[in-house]
Every structure is written in C-alpha cells, then in structure tokens.
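Working notes for the structure below.
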Amino acid sequence: MIKPLLRLSKSLLISISFFLVRFASIIPSNHLRKLALTCMGAKLGKDVVIYSGFEVRCPWKLVIGDGTTVGHKCILDCRGGVTIGSNVNFSSEAAIWTAQHDPQSPTFAIKVAPVVIEDRAWISFRSTVLPGITIHEGAVLAAHAVATKDIPPFVVAGGVPAKVIGSRNKNLTYNMADSGYLHMI
C-alpha cells in the first residue's frame, strides 16, 4: 500500500513541476524565468540567460554556471542530472537527454546517466547530447549532431553519430556576459 502511494506522490510531483516549467518557459522576462527555475530547485550562476520556450525535466537536478546562455526551445532532461559549466552556449532547439530506453532490454528498461557540459562548450542548433556524455571544455557539437560518446576538449564534432571534424582555438577567454550580445527577453 505504501509503495504505490509513494510512486503516485512522486509522479504527481513530477507532473506538477512539468506544468510549472511549461508555464515559466513562456514568461516574457529572463529574470522571471530564472527565478521560477530557481524556486523549483535549479542552481543557476550569475548572468545566465534562458530564452523562452525551454523545457526542463526535474529542474532540481540542474546546475548551470555563470554566463551561460540556453537558447530558444532547448530541452534539458535533468532526470539523471545535468551540470553545465560557465560561458556555455546552447543554440536554439538543442537537447540534452539523461534518460532513454535501452533498445537491447527485453523489458524496454530505462537507462539513466548524468550529462556534463564543461566551460565554454558550444552545443549548436538542434544538436543532441545522449545520457552519460561529457562535452569537454571548449568543444563544439555542430548543428544537428548527436553526441553518443564523450567529445574531447577544444574540438569540433559533427554528424550522426558525432565525430571529430575539426579543432578549436585553445586560448578561449570570452565571457558570455561581457560579450555585448543583445539577448532577447
């Protein structure tokens, strides 16, 4: 009797948080969107910019460093935990997944693993990071790429599955908050 009740309570809590995040994602103010996520347990650094239309699952398992920008309609599935460093750029519609079904499982079981995005990485337009992956410092995941394994520091990775297609300057010093970009509210 207690286990089903606990499962129902957890399911209800997740459903309520999903609804609240959906509502927060349409608030026409970056400051209010960040406040809403923080009230739901997300840990956000200073000068974080979160564009509208985002989706965050289990925001209490989200950590974002200073000066990071999360683009329009990004999906951050934090069920397994997501840690994002400082000065990271997420282009519009990028997705991070920390939980997925195991295609080899006879019961279609779910595998859950955390994702880490290190400082000054760039997750480009409509790219996808799968569970358990680390995108290392300064790495770029090119548009429409799918990271199925860790991406080394200071490389450009593209394709499905993503593979190294180039390198990036290792002397990155930019601070997204000081970059002078005009962010939409």
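Bear in mind that the values in this text are calculations on the coordinates, not laboratory data. In this text the structure is predicted, and so the values were computed from the model without any measurement. In this analysis, Cβ positions are derived from the backbone assuming ideal geometry, glycine residues included, and neighbour counts consider all displayed protein chains.
Considering every residue within the stretch 75-86, establish whether at least one is within 19 Å of Phe18 (Cβ to Cβ) and either among the small types (Gly, Ala, Ser) or in contact with a His (Cβ under 8 Å, 6 or more places away or on another chain) (or both).
Yes: the stretch 75-86 contains one or more residues that are within 19 Å of Phe18 (Cβ to Cβ) and either among the small types (Gly, Ala, Ser) or in contact with a His (Cβ under 8 Å, 6 or more places away or on another chain) (or both).
Please go through the stretch 78-124 and give me each residue that is without any contact (Cβ under 8 Å) to a residue 40 or more places away in the chain, assigned to a strand (DSSP E or B) and either among the aromatic types (Phe, Trp, Tyr) or within 19 Å of Ala143 (Cα to Cα) (or both), ordered by number.
Across the stretch 78-124, the qualifying residues are Ile84, Phe90, Ala95, Ile96, Val115, Val116, Ile117, Trp122, Ile123.
Determine, yes or no, whether Ala143 is assigned to a strand (DSSP E or B) and farther than 26 Å from Trp60 by Cα.
Criteria not met by Ala143.
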